[in-house]
1. Taking only Cα atoms and a 10 Å spring cutoff, compute GNM fluctuations for the chain and point out the largest among 210, 74, 50.
2. Report the full-extension gain for the segment residue 80 to residue 239: residue separation times 0.36 nm, less the Cα-Cα distance, to one decimal in nm.
3. Would you mind telling me the share, in percent, of accessible area of the chain contributed by carbon and sulfur at probe 1.4 angstrom?
4. Round to the nearest 10 and report in Å² the accessible area of residue 228, as given by a 1.4 Å probe over the protein chains' heavy atoms.
5. How much area per residue is accessible in region 20-207 when the probe is 1.4 Å and only protein heavy atoms are counted (Å²)?
6. Taking the 0 to 90 degree range and rounding to the nearest ten, how far is the long axis of helix 192-207 tilted relative to the main principal axis of the chain, both from C-alpha atoms?
7. When the chain is fully extended, how far beyond the present Cα-Cα distance does residue 26 get from residue 164, taking 0.36 nm per residue of separation?
8. Nearest 0.05, what FRET efficiency do residue 225 and residue 59 give at R0 = 45 Å with Cβ-Cβ as r?
Amino acid sequence: MAEIRVLNINQNVEISCEILAENGEDISKRLQKLMLQIKGKFMCDDGKSVDYNGIRTSETFAEYVEESSRLVHVDLATLTDQQKMAFFINIYNALTIHGICEQGVPSSVLGVKNFWKSIAYNIGGHVFTLDDIEHGILRGNRPHPSSPNPLFNDSDPRLQYSLQSVDPRIHFALVCGAKSCPAINVYSTTNLERGLEAAAQNFCSQEVHVDLNAKRVTLSKIFLWYKSDFAENDIDLLR
């Protein structure tokens, strides 16, 4: 089992159960603002290439790390599914960048053992790894492609925060730190539909290729790994 690194708390300090709850959207907006500043300063025009060394040593990143500690006080129960979707997409992307900066900057996150299983935030008193956020929350507790079992069992308190319905366009919004990943955007309840639709169109325009003469469609492997998120069969998937 991967050793979990909770990046937004001092792991030697016990979290009190008697904490003052904070509005998740308010904290998310502040984190969004900082992430936009980081994006503007350290991300290239393509929205994909990132100067991680520059981020790690910046005052803005230090401010972000301090602000991320407030996630411990978020009351997730107050968020609607739409709010949770925007919130957790933003947190996933920010945690990915935070994790890469903390681990050092590898040539690829694939070179960091158990990166998605080990990098985590404490949110509302619960620990969420990147895998927990993607598969347990945003995919409605559907199994990881490499496992037949869902991440959260019936007794897991985090299960109550899983989205009730899965929007497959989340796969076009989540970043993994590689240049082939989608461009990083910041989502809110007001721009969620517009943002996800734009992310889907942008991703498919680059990663889906149609050869009319050969009657062949070439797809990103995302459509293979997460086929059940998109459709029940190949015909519906193509549609």
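1. Maximum among the listed residues: 210.
2. Details: separation 159, 0.36 × 159 = 57.24 nm, distance 2.97 nm.
Full extension from residue 80 to residue 239 adds 54.3 nm.
3. Values: 6270 of 12930 Å².
Carbon-and-sulfur percentage of accessible area, whole number: 48.
4. 80
5. Numbers: 8420 Å² over 188 residues.
For region 20-207, the per-residue accessible area is 45 Å².
6. With both axes taken from Cα atoms, the answer is about 50 degrees.
7. Separation in residues times 0.36 nm, less the Cα-Cα distance, equals 47.4 nm.
8. 0.70
The values are calculated or read from the model by the stated rules, or taken from the named source; none is laboratory data. Owing to the predicted nature of the structure, the values given are computational and were not obtained by experimental measurement. Every residue, glycine as well, gets a Cβ built from its backbone with ideal geometry; the counts of neighbours run over all protein chains shown. Accessible surface is based on the protein model in full, side chains and every heavy atom, while ligands, DNA and RNA are left aside. Shrake-Rupley method; radii C 1.70, N 1.55, O 1.52, S 1.80 Å.
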